[in-house]
Amino acid sequence: MRANLDQFQAWIDEKSREETYFSGTFWVVFSMLGDHDLGRALELQAQTMPGIPLADSVATISVRPRKGRAVQATFWHLPISDGNLHFLFSLDKPSKAIRSMYKLLARAKGKAQLFPIGHSLVKTTVRLNPNRSFEETHILRGVSYPSKPNEGGADINLRPGNASAFFERLEDEKRVLGLPECGLP
């Protein structure tokens, strides 16, 4: 497994060098189903073409909204689950993939949900490269919400910058985090 994780890390490093704004996103799914049963419930297909290293199965989901063009996103299952947490990976931007993710999860008929990630977990896992310091990690797009629903809308910052300062501000203002997009300079 370690060799597969190293290969996946090397692939991500290469993609991020090739593309200035590499938008690989991890989707953490909570389910009492094991990987095999979850794969069946989500109708994941075995990955037969070279694609994402480490991935064992894949699903491409199309959603046609009432207005506008259909959107499509592809999700790869990464066999690194930890108990009831399962990991899916997508190269599609989160704003494009979110509807497709909900349609994918609907296949499980309530037996799988997106895991609600608190900002302490995001802060811990925000970096893919353990050789970089937290100060070298940048938030590409940040969304936070007031801690109480009646305190107003979202604070969307398209370029919040340094991850350390971003999370410090969240803690100082006691805000709730929307999932950020993170990257290295």
message = Suppose we filter 7, 47 for residues that are touching an Asp or Glu at 6+ places or on another chain (Cβ under 7 Å) and more than 22 Å from residue 177 (Cα to Cα); which single one remains?
response = 47
query = Just wondering, is there one or more residues in the stretch 57-64 that are surrounded by 12 or more Cβ atoms within 10 Å (Cβ to Cβ), small (Gly, Ala, Ser), without any contact (Cβ under 8 Å) to a residue 60 or more places away in the chain and not in a loop (DSSP other than H, G, I, E, B)?
reply = yes
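Does the stretch 118-135 contain any residue that is of a type outside the set (Gly, Ala, Ser), part of a helix (DSSP H, G or I) and modelled with pLDDT of 75 or more?
Initially, the stretch 118-135 is screened for residues of a type outside the set (Gly, Ala, Ser), giving 119, 121-132, 134-135.
Of the ones still in play, those that are also part of a helix (DSSP H, G or I) are 119, 121-125, 134-135.
From what is left, the residues that are modelled with pLDDT of 75 or more are 135.
Yes, because at least one residue in the stretch 118-135 is of a type outside the set (Gly, Ala, Ser), part of a helix (DSSP H, G or I) and modelled with pLDDT of 75 or more.
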request  = Read through the list (1) touching a strand residue (DSSP E or B) at 6+ places or on another chain (Cβ under 6 Å); (2) modelled with pLDDT of 75 or more, then give the number of the only condition that residue 180 fails.
outcome  = (2)
task = Starting from the stretch 2-30, keep only residues that are assigned to a helix (DSSP H, G or I), then list their pairs with residues that are of a type in the set (Phe, Trp, Tyr) whose Cβ atoms are within a distance under 7 Å, requiring at least 6 positions of separation or different chains.
result = 15/22; 16/22
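The values are calculated or read from the model by the stated rules, or taken from the named source; none is laboratory data. Keep in mind the model is a prediction, meaning the values are calculated, not measured. Please note: Cβ atoms are built from the backbone with ideal geometry, for glycine as well, and neighbour counts cover all protein chains shown.
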